[in-house]
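Asker: Sharing a structure, written as structure tokens. Questions coming.
The values are calculated or read from the model by the stated rules, or taken from the named source; none is laboratory data. From a predicted model like this one, the values you see are computed outputs, not experimental measurements. So basically every Cβ, Gly included, is an ideal-geometry build from the backbone, and we count neighbours across all protein chains shown.
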Amino acid sequence: MGTRILLLPAATLLVLALTTPLALSQKKYDPGVTDTEIKVGNIMPYTGAFSEYGSTGRAEAAYFQMINDRGGVNGRKIHFISVDSASDTEKAIGLAHQLVEQDQVLLTVGNWGTPANLAIRGYMNEKKVPQLFVAATESAFNDPANYPWTMGFQASKRTEGLAYAKYVLENKPGAKIAVLYSQDDAGQEWLLGIRDGLGGKASAAIVKEVSFEYSNPEALDPQIAALKNSGADVFMNLAVGRLATRAIRVAYDIGWHPLQFIPNASLSIAAFLEPAGLEKSAGIICNARSKGWLRPQSKNDPAVRAFLEWMKKYNPDANIRDANNVYGYQVAQTLVEVLKKCGDDLTRANVMKQAAGLDLELGMLRPGIRITTSPADYQPIKQLFLIRFDGKDWASLEK
């Protein structure tokens, strides 16, 4: 008895292959994902007291638009749902619920601010929704053992404080230091970093500490006068946003010209130094992780040219002097790399798995600074370098 061989058209064989259990198992989706789309949520202060940071969210949206124009990530377009918290923590809590339960995003990325991210952290971890690359630098966001669905991005406030203290010890050993810090967890972490960095010299070197509340900016002026009256010749201006601007301006206007330090979050020339006055900001020391892009010679760097071309095409209304654009660019770029690594396994668990296994060199990061993570390390950027404002631009203090 002969054997009959059934010959099927190639197209039919292809359909059968694609419907086998193995082929079907290759695609795994959680809410927010289809064959053509990935929903990504974001909470940003586009209005209110911290609205200057809204440029970060606009930069992220612009980067994702570029990726979508190039075909998306593994054939899927990024649907970026960025909502306005109006600089209100309570509103941010409601928006987190909206993004997860109504919009059904796969994840959130770059949510802005320490209070807001701390307020929603428990909810995001309960729901097992990735809260990636938060725009907040507390060490609390590097806690995978207790909050495995929340990940930071930048070097911590403690790292900043240690770096500033080290600089003072090496370059101004007899300094008298005055510290202005916020009456919250963020201010405390900066302050502790400075104290730890000074070590046994902290009690003698720090001659005055005053705390402020962002809700009461008018109280800042007499506090800065008190810091001046302490006789300090170093000013740790640990304020963020408009209050950093106000503190710079007030100190200068009352005739106090100490060596001044400000946080990385306040380094934007366009958002914070120009409103204070460029001449009043000259000499301030800050820290950064990114390459400069404003000086003509920087355009010789291919990565800087790519950034500037992206700004011109996709983010043309933004101020080129605003460092928040670079930050948003880097956060979005990192998320795209995570999504690429996920392939067709776009589950929330796999997103966190890939985010916790990064080793990236981004073009706009300064040489020697890499993005690295592990299941036990949720702080992607650990290094920083010090910069000084020369009245026009930031210049590196490192040789």
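Asker: Looking at region 130-148, which of its residues are in a loop (DSSP other than H, G, I, E, B) and in contact with a strand residue (DSSP E or B) (Cβ under 6 Å, 6 or more places away or on another chain)?
Answerer: As a first pass, look at region 130-148 and keep what is in a loop (DSSP other than H, G, I, E, B): 130, 133-134, 136-138, 142-148.
Answer for region 130-148, where residues must be in a loop (DSSP other than H, G, I, E, B) and in contact with a strand residue (DSSP E or B) (Cβ under 6 Å, 6 or more places away or on another chain): Pro130, Phe133.
Asker: Related question: Can you list the helices (runs of 4 or more DSSP H) found entirely within region 1-103 that contain at least 2 residues being out of contact with any Gly (no Cβ under 6 Å at 6 or more places or on another chain), closer than 30 Å to Ala323 by Cβ and at pLDDT 95 or above? If you could, list the steps in order and put the result at the bottom.
Answerer: Values: elements: 10-18, 21-25, 54-69, 89-97.
Because the criterion is at least 2 residues that are out of contact with any Gly (no Cβ under 6 Å at 6 or more places or on another chain), closer than 30 Å to Ala323 by Cβ and at pLDDT 95 or above, the helices (runs of 4 or more DSSP H) in region 1-103 that meet it are 54-69, 89-97.
Asker: Of the residues Leu107, Leu118, only one is assigned by TED's automatic domain parsing to the domain that holds Leu362, closer than 18 Å to Arg348 by Cβ and either aliphatic (A, V, I, L, M) or in contact (Cβ under 8 Å) with a residue 40 or more places away in the chain (or both); which? Break it down stepwise before answering.
Answerer: On the way: Leu118 fails: closer than 18 Å to Arg348 by Cβ.
On inspection, the qualifying residue turns out to be Leu107.
Asker: Residue by residue through region 24-48, note down the ones that are more than 20 Å from Ala96 (Cα to Cα) and either touching a Phe, Trp or Tyr at 6+ places or on another chain (Cβ under 7 Å) or of a type outside the set (Asp, Glu) (or both).
Answerer: Listed by number, the residues that qualify are Leu24, Ser25, Gln26, Lys27, Lys28, Tyr29, Thr34, Thr36.
Asker: A follow-up question, please. Go through region 203-266 and tell me which strands (runs of 3 or more DSSP E), entirely inside it, have 2 or more residues that are touching a helix residue (DSSP H, G or I) at 6+ places or on another chain (Cβ under 6 Å) and more than 18 Å from Leu386 (Cβ to Cβ).
Answerer: Numbers: elements: 206-212, 234-238, 259-261.
Strands (runs of 3 or more DSSP E) meeting the threshold: 206-212.
Asker: A further question on this structure: Somewhere in region 200-218, is a residue modelled with pLDDT of 95 or more, over 25 Å from Ala92 (Cα atoms) and crowded, with 21+ Cβ neighbours inside 10 Å?
Answerer: yes
Asker: Do we find that Val338 is in contact with a strand residue (DSSP E or B) (Cβ under 9 Å, 6 or more places away or on another chain), more than 13 Å from Gly152 (Cα to Cα), surrounded by 18 or more Cβ atoms within 10 Å (Cβ to Cβ) and modelled with pLDDT of 95 or more in this structure?
Answerer: Values: in contact with a strand residue (DSSP E or B) (Cβ under 9 Å, 6 or more places away or on another chain): yes; more than 13 Å from Gly152 (Cα to Cα): yes; surrounded by 18 or more Cβ atoms within 10 Å (Cβ to Cβ): yes; modelled with pLDDT of 95 or more: yes.
Answer is yes for this residue.
Asker: Okay, next question. May I ask you to say which residue of Leu180, Leu118 is within 20 Å of the chain's Cα centre (by Cα) and buried (at least 19 other Cβ atoms within 10 Å of the Cβ)? Write out each step before concluding.
Answerer: Numbers: Leu180 fails: within 20 Å of the chain's Cα centre (by Cα).
Criteria check complete, one pass: Leu118.
Asker: Inside region 270-303, can you point out the residues that are assigned to a loop (DSSP other than H, G, I, E, B) and either of a type outside the set (Gly, Ala, Ser) or over 24 Å from Tyr329 (Cα atoms) (or both)?
Answerer: Residues of region 270-303 assigned to a loop (DSSP other than H, G, I, E, B): 277, 282-284, 289, 291-295, 301.
Selection gives Gly277, Ala282, Gly283, Ile284, Arg289, Lys291, Trp293, Leu294, Arg295, Asp301.
Asker: Please tell me if Ala178 is part of a helix (DSSP H, G or I) and either assigned by TED's automatic domain parsing to the domain that holds Gln260 or closer than 18 Å to Leu99 by Cβ (or both).
Answerer: So Ala178 does not fit the description; no.
Asker: If you go through region 317-342, how many residues are farther than 22 Å from Ile43 by Cα and not in a helix (DSSP H, G or I)? Before the answer, list the steps.
Answerer: At the first step, the residues of region 317-342 found to be farther than 22 Å from Ile43 by Cα are 320-321, 340-342.
With not in a helix (DSSP H, G or I) added as a condition, the list becomes 320-321.
Qualifying residue count for the region: 2.
Asker: Determine, yes or no, whether Gly122 is under 15 Å from Gln188 (Cα atoms) and part of a helix (DSSP H, G or I). Outline the logic, then answer.
Answerer: Values: under 15 Å from Gln188 (Cα atoms): no; part of a helix (DSSP H, G or I): yes.
In short, no.
Asker: Let me ask something else about it. If you take the residues in region 341-381 that are out of contact with any helix residue (DSSP H, G or I) (no Cβ under 9 Å at 6 or more places or on another chain) and small (Gly, Ala, Ser), which one is surrounded by the most Cβ atoms within 10 Å (Cβ to Cβ)?
Answerer: Ala356
Asker: Of all residues in region 343-376, which are in a loop (DSSP other than H, G, I, E, B), of a type in the set (Gly, Ala, Ser) and under 21 Å from Gly328 (Cβ atoms)?
Answerer: The first filter runs over region 343-376 and keeps only residues in a loop (DSSP other than H, G, I, E, B), leaving 343-344, 347, 356-358, 361-364, 366-370, 373, 375-376.
Checking which are of a type in the set (Gly, Ala, Ser) leaves us with 343, 356-357, 363, 368, 376.
Of everything in region 343-376, just one residue is in a loop (DSSP other than H, G, I, E, B), of a type in the set (Gly, Ala, Ser) and under 21 Å from Gly328 (Cβ atoms), namely Gly363.
Asker: Which condition does Asp233 not pass, out of (1) surrounded by fewer than 21 Cβ atoms within 10 Å (Cβ to Cβ); (2) of a type in the set (Asp, Glu); (3) within 28 Å of the chain's Cα centre (by Cα), if it passes all the others?
Answerer: The one condition Asp233 does not meet is (3).
Asker: Okay, next question. Looking only at region 305-331, count how many residues are more than 19 Å from the chain's Cα centre (by Cα) and surrounded by 21 or more Cβ atoms within 10 Å (Cβ to Cβ).
Answerer: Final tally of qualifying residues: 0.
Asker: Can you pull out the residues in region 260-301 that are under 29 Å from Ile206 (Cβ atoms) and of a type in the set (Lys, Arg)?
Answerer: Hits for region 260-301 are Lys280, Arg289.
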